[in-house]
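What follows is a short report on a single structure.
The values are calculated or read from the model by the stated rules, or taken from the named source; none is laboratory data. Since the model is a prediction, treat every value here as computed from it, not as a measurement. Note that we place each Cβ from the backbone using ideal geometry, even for glycine, and neighbour counts take in every protein chain shown. Ligands, DNA and RNA are stripped out before the accessible areas are found, and what is left, the full protein with its side chains, is counted by its heavy atoms. Shrake-Rupley method; radii C 1.70, N 1.55, O 1.52, S 1.80 Å.
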Protein chains: 2
Amino acid sequence: MRAVIFDGRLRFIERFPEPEIPSNWALIRVLKAGICKTDIEITKGYKNFKGVLGHEFVGVVERCHNPDWVQKRVVGEINVGCGECRQCVNGLERHCPRRRVLGIVGLNGCMADYCVLPLSNLHMVPASTTDHRAVLVEPLSAACEILEQIELTGSEQAVVLGDGRLGILCAWVFSTVLSDVTLVGHHPEKLKMAGWRTLKTTQLTANRAHSADIVVEATGSGKGLVDAVSLCRPRGKIVLKSTIASKSKINLLSIVVNEKSIIGSRCGRFKAGLRILEAFPDMPLERLISADYPIEQALEAFKVAIQPDTLKIVLDMTGEK
Amino acid sequence: MRAVIFDGRLRFIERFPEPEIPSNWALIRVLKAGICKTDIEITKGYKNFKGVLGHEFVGVVERCHNPDWVQKRVVGEINVGCGECRQCVNGLERHCPRRRVLGIVGLNGCMADYCVLPLSNLHMVPASTTDHRAVLVEPLSAACEILEQIELTGSEQAVVLGDGRLGILCAWVFSTVLSDVTLVGHHPEKLKMAGWRTLKTTQLTANRAHSADIVVEATGSGKGLVDAVSLCRPRGKIVLKSTIASKSKINLLSIVVNEKSIIGSRCGRFKAGLRILEAFPDMPLERLISADYPIEQALEAFKVAIQPDTLKIVLDMTGEK
């Protein structure tokens, strides 16, 4: 099968071996796969991962033991827990210390004609949902994770730093439950594009010090956390949304004296993302797709994906094999 | 009056002017005042404070407009808010951006024969409570603040890093509600002394990585936070309890990937501390007092207070003036 792999360098392979199917797992024919910042980090050495890249996809179940799932269009949770530890037992497979993660830890990913996942990781996609919307369920669910971690009353003032894909998704998810949400970024076109419902967008953070109830750091830079701490009000919450593979200097004194909280936030439950898709069919997710590339052009697609003006680049596997 | 001041250097003054009493404030004759790490930080330049030091005290109301309070033994909340801002209106005077803080920001402290505070900051001390226990209400309430910030089910495993006064108080407060609490420190005598109820004490953190539900950082060192992050389980909480006037390097990646939270925690409500005093008369607070010094010997007392084996040093104002 065709596959995009990283084995020290990024490569497109025409004839990669098809995956074996463990029992209770499904073989999925991938339709589309998104390129995520984590994929780009992996090509720089993150997690020391070697194998097929990719963890954002929409596909069709080709083979599995349960006939109800065969030929169904699906998206899939990316964490595969051990099923036995304290985290797994509590439904937190995504925090299992022995977990494998699709295209990130110990499990070949979805930038290929086929991938495999446990059937229990899969969710069917409603017919009304386009492939482009479905491929965004993974990052959309990651944005929804914030709502699982923070209890909101509805009157909170939220600021999202970073006008990349994840920042915009977080801002949109907040806008489904809060009326006072501001997205702060540096790219006028992205900010313009991000407008939805009551969401405000701006390039400035001046005159906002110590006022926001919740600040989401989605810039992916160490500076972003420093800004987030200063924008957050006393007793407010700072949500760290970007996996920055570096150490950052922060002034702990302000965190202690002003009793702020810093909350790490990562993957979310797909049910949350799918629920948002259903409840808000007008959420303009398609705007996040900058371009589709056939899988054969994956290397060029990755080059475009790292450009600052790019939003989501999608690899397409539906073309001729 | 006698007073311990900092005006660029730490000094004992025999004849410092007595404070004026604003309306609705009380003049308090101080009986005892504790030396806190923050006082020592101030003598190194923290908050750029100049004036009478001290914010931990027990005293007797000498003069005020309400006769019910006169001659009553009291302790006092240290934050004086503006009374008008969003924080003050929500009962969070301790987060008012314009607050004055006894002996720390814009308000002379309690290491003197007299200090003044708004009557609304004062709490009467039950006759059964000794002066030594009462002088510890301020740091005890700071430890109780954690219980206000974190909702506990009772089954959590908590680890407190740091066997100083605040670390021990946090461990004791946790031990009033949790059965699995461990205090980690480097001083065998302090650890032995800290034993109370089911509290476990140890010098080792080995084999504990990623297991604790809650980790309190009370070492006052940057290293303490690094240890706290690695001891904390995925989705667990790290409470930052020490006001470290420095920048610390932390690995944000572990916070994000494991969805840990870092929660800054500072002053607490005195009602919480007084309630604990009443409910747990066997909490061995007296053990935390290393020695009493007459106020005239304040400079020597400060020297002893910074020794690593010292717990709480108390200044006594009840001797001859």
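Looking only at the range A:158-193, count how many residues are of a type in the set (Gly, Ala, Ser) and either open to solvent by 10 Å² or more (accessible area, probe 1.4 Å) or under 12 Å from residue A:204 (Cα atoms) (or both). Residues meeting the conditions: 4. Within the range B:284-314, the set of residues being surrounded by fewer than 15 Cβ atoms within 10 Å (Cβ to Cβ), under 18 Å from the mean Cα position of the chain (by Cα) and in a helix (DSSP H, G or I) comprises just one member, B:286.
Restricting to the range B:257-271, and then to whatever is farther than 26 Å from residue A:79 by Cα and open to solvent by 20 Å² or more (accessible area, probe 1.4 Å), can you tell me which residue is modelled with the highest pLDDT? Within the range B:257-271, the match that is modelled with the highest pLDDT is B:271.
Evaluate the following for residue B:208: is it buried (at least 16 other Cβ atoms within 10 Å of the Cβ), in contact (Cβ under 8 Å) with a residue 12 or more places away in the chain and at positive phi? So residue B:208 does not fit the description; no.
Residues in the range B:48-71 that are closer than 22 Å to residue B:10 by Cβ and surrounded by 16 or more Cβ atoms within 10 Å (Cβ to Cβ): B:49, B:51, B:52, B:53, B:54, B:55, B:56, B:57, B:59. Scanning the range B:18-26 turns up no residue that is buried (at least 18 other Cβ atoms within 10 Å of the Cβ) and in contact with a Lys or Arg (Cβ under 6 Å, 6 or more places away or on another chain). The condition of being aliphatic (A, V, I, L, M), within 14 Å of chain B (Cβ to nearest Cβ), free of Cβ contacts under 8 Å to residues at least 12 places away in the same chain and open to solvent by 40 Å² or more (accessible area, probe 1.4 Å) holds for only one of A:89, A:105, that being A:89. Against the numbered list (1) more than 14 Å from chain B (Cβ to nearest Cβ); (2) over 20 Å from residue A:229 (Cα atoms), residue A:158 comes up short only at (2).
How many residues, within the range A:133-157, are in contact with an Asp or Glu (Cβ under 9 Å, 6 or more places away or on another chain), among the hydroxyl-bearing types (Ser, Thr, Tyr) and surrounded by fewer than 24 Cβ atoms within 10 Å (Cβ to Cβ)? Residues meeting the conditions: 1. Just one of the numbered conditions (1) of a type in the set (Lys, Arg); (2) touching a residue at least 40 places away in the same chain (Cβ under 8 Å); (3) at negative phi; (4) open to solvent by 20 Å² or more (accessible area, probe 1.4 Å) is not true of residue B:2: (4). Of the residues making up the range B:180-210, those that are more than 20 Å from the chain's Cα centre (by Cα) and in a helix (DSSP H, G or I) are B:188, B:189, B:192.
Can you tell me which of B:230, B:242, B:254 is part of a loop (DSSP other than H, G, I, E, B), outside the structural domain of residue B:113 (by TED's automatic domain parsing) and either at pLDDT below 95 or under 24 Å from residue B:151 (Cα atoms) (or both)? Step by step, each of B:230, B:242, B:254 is checked, and only B:242 is part of a loop (DSSP other than H, G, I, E, B), outside the structural domain of residue B:113 (by TED's automatic domain parsing) and either at pLDDT below 95 or under 24 Å from residue B:151 (Cα atoms) (or both).
Close Cβ contacts (under 8 Å, 6 or more residues apart or on different chains) running from residues in the range A:255-266 that are within 7 Å of chain B (Cβ to nearest Cβ) and at positive phi to residues that are among the small types (Gly, Ala, Ser) and not in a helix (DSSP H, G or I) comprise A:259/B:264; A:259/B:265. Filtering the range B:211-232 to residues that are over 19 Å from the mean Cα position of the chain (by Cα), farther than 13 Å from residue B:251 by Cα and surrounded by fewer than 21 Cβ atoms within 10 Å (Cβ to Cβ) leaves B:211, B:213.
Among the candidates A:125, A:137, A:116, the residue that is within 18 Å of residue A:241 (Cα to Cα) and either polar (S, T, N, Q) or modelled with pLDDT of 95 or more (or both) is uniquely A:137.
Checked against the criterion of being among the hydrophobic types (A, V, I, L, M, F, W, C), within 11 Å of chain A (Cβ to nearest Cβ) and under 20 Å from residue A:237 (Cβ atoms), the range B:203-224 contains not a single residue that satisfies it. Quick one: residue A:151 ticks every box in (1) in contact (Cβ under 8 Å) with a residue 12 or more places away in the chain; (2) within 14 Å of another protein chain (Cβ to nearest Cβ); (3) within 17 Å of residue A:260 (Cβ to Cβ) except a single one, so which number is it? With respect to (1) in contact (Cβ under 8 Å) with a residue 12 or more places away in the chain; (2) within 14 Å of another protein chain (Cβ to nearest Cβ); (3) within 17 Å of residue A:260 (Cβ to Cβ), residue A:151 is out only on (1). Just one residue in the set B:28, B:21 is in a loop (DSSP other than H, G, I, E, B), β-branched (Val, Ile, Thr), closer than 16 Å to residue B:117 by Cβ and in contact with a Cys (Cβ under 9 Å, 6 or more places away or on another chain); that residue is B:21. Taking the condition within 14 Å of another protein chain (Cβ to nearest Cβ) and not in a loop (DSSP other than H, G, I, E, B), does residue A:236 pass? It is true that residue A:236 is within 14 Å of another protein chain (Cβ to nearest Cβ) and not in a loop (DSSP other than H, G, I, E, B). Within the range B:120-132, the residues that satisfy the criterion of being open to solvent by 20 Å² or more (accessible area, probe 1.4 Å) and outside any loop (DSSP other than H, G, I, E, B) are B:120, B:123, B:124, B:131, B:132. The set of residues in the range A:15-61 being among the charged types (D, E, K, R), over 26 Å from residue A:241 (Cα atoms) and without any contact (Cβ under 8 Å) to a residue 60 or more places away in the chain consists of A:15 alone. Restricting B:217, B:189 to those that are touching a helix residue (DSSP H, G or I) at 6+ places or on another chain (Cβ under 7 Å) and touching a residue at least 40 places away in the same chain (Cβ under 8 Å) reduces the list to B:217.
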